[in-house]
Each structure stands twice: as structure tokens, then as C-alpha cells.
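Engineer: Mind having a look at this structure? Questions to follow.
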Amino acid sequence: MRQLYQKPRTAYNYLVFLMFVPKDFSPPVLEKDDYRARKLSAKDVYLDYTAVMSSIDIIHKTRGGKWPTPDLTIEDDLIDLCWHQREFEFKTSFAYTVMSKDETECLGCIYFYPPRASMSDAASNDDVDVSISWWVTQKAYDQGFYERLSKDIKEWVEKEWPFRKVFWANKEF
């Protein structure tokens, strides 16, 4: 199971965390001709779990980290997705599922974390607004989608997000 969010330890970090995005900010959807990145939610568990478990090695290669592990259960994944959904609703972090346009295949995920959140690879770097990471399935990677999604995320962040200093957390970018 993914490490759950831990509240910042100092009052300053907590205030910065609360100001992650402006109060009136509406998280955008990334819409392309052949895919859509939208809020990850509990209802996505089956497609998400299938995508994750079929792509453990490529996720480690591109995103880094120790998640996922081969012993991840669908119940663990459901807990993770519920947690991500709630954080998205509270605007404390944003997890997106990348779906085929017909919503029959999960192609990957995108994560936006505050720089000092426990899930953030930028936890020790106070000079950034956000830590962004993503992964795609092995099948999507083999079809060249990782490189395309990386470019699309960068353009999306520049055009539609309030972040100016981005920590690109992936090992392969």
C-alpha cells in the first residue's frame, strides 16, 4: 500500500500546505483526441489495478520509488484510490487517471503533490510549488505514449495550473 499523507510538522509548513492551490482553483481535465486525464476515484479500481499490476517494472524504471510491489492487492489499491479521491476533493493533492477516450483502459496516472508532503520526492526542496510524477502501462510505454504524455503534462501545467516552480519527480523525463 502507498504511504499515506503525513501532516507537515511545523506551522509554517502547514500554512504552505494549505495554500497549495488557490481556494477558487478548479483542477482541470487533460483532454486529447485519444485519451483523457481526469480525477482518479474509487470506481476506477479494477482498471487501475490491472494497469498497475501489469506494469510494475516500467513504473519503477520511469517513476522510481518502491511502489508498486508484487504483493499489492486489489483491496490495497481500492484504499489508495479512495484516499487519492478524498485528497483531490480537499485540494491537498491531485491524482489523475489517464484513460482511453472510451474509458475501457487505464493508460497510467499523474500525481501532483505539495513539495513537503510525504508522497513528494521534493520533500526536502522548499523552493518548488509542486512535485509531479506519472506512470504509464508497459503497453502504452512500448507504443511511445510515455514520451508523448510527458510533453502533454508539461504543456498542461504551463497553461492551466497555478504552479511556476515544478519539481519533475520522474527518473525518466
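The values are calculated or read from the model by the stated rules, or taken from the named source; none is laboratory data. What you are looking at is a predicted structure, and each value in this text was computed from that prediction instead of being measured. All Cβ positions, glycine included, derive from the backbone under ideal geometry; neighbour counts span all protein chains shown.
Here's the yes/no breakdown for (1) touching a helix residue (DSSP H, G or I) at 6+ places or on another chain (Cβ under 9 Å); (2) modelled with pLDDT of 95 or more; (3) among the hydrophobic types (A, V, I, L, M, F, W, C):
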site: Trp67; (1), (2), (3): yes, no, yes
site: Pro115; (1), (2), (3): yes, no, no
site: Ser124; (1), (2), (3): no, no, no
site: Ser131; (1), (2), (3): no, no, no
site: Gln138; (1), (2), (3): yes, yes, no
site: Ala169; (1), (2), (3): no, no, yes
site: Glu172; (1), (2), (3): yes, no, no
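Engineer: Quick one: in region 90-110, of everything that is at pLDDT below 95 and under 14 Å from the mean Cα position of the chain (by Cα), which residue is surrounded by the fewest Cβ atoms within 10 Å (Cβ to Cβ)? Before you say what the answer is, go through the steps one by one.
Structural biologist: Kept after step one, since they are at pLDDT below 95, are these residues of region 90-110: 90-93.
So of that shortlist, the ones also under 14 Å from the mean Cα position of the chain (by Cα) come out as 91-93.
Working: Lys91: 15, Thr92: 17, Ser93: 23.
Filtering region 90-110 for residues that are at pLDDT below 95 and under 14 Å from the mean Cα position of the chain (by Cα), the one surrounded by the fewest Cβ atoms within 10 Å (Cβ to Cβ) comes out as Lys91.
Engineer: Got a sec? Which helices (runs of 4 or more DSSP H) wholly within region 21-124 have at least 2 residues that are farther than 17 Å from Thr137 by Cα and touching a strand residue (DSSP E or B) at 6+ places or on another chain (Cβ under 9 Å)?
Structural biologist: Numbers: elements: 45-53, 56-62, 74-90.
The helices (runs of 4 or more DSSP H) meeting that bar are 74-90.
Engineer: On to the next question. Look at Leu40 and say whether it is among the hydrophobic types (A, V, I, L, M, F, W, C) and farther than 13 Å from Ile110 by Cβ. First the steps, then the outcome.
Structural biologist: On the way: among the hydrophobic types (A, V, I, L, M, F, W, C): yes; farther than 13 Å from Ile110 by Cβ: no.
So Leu40 does not fit the description; no.
Engineer: Scan region 137-149 and report the pairs whose first residue is at positive phi and whose second residue is crowded, with 19+ Cβ neighbours inside 10 Å and acidic (Asp, Glu), with Cβ atoms within less than 8 Å and a gap of 6+ or a chain change.
Structural biologist: Every condition considered, no pair remains.
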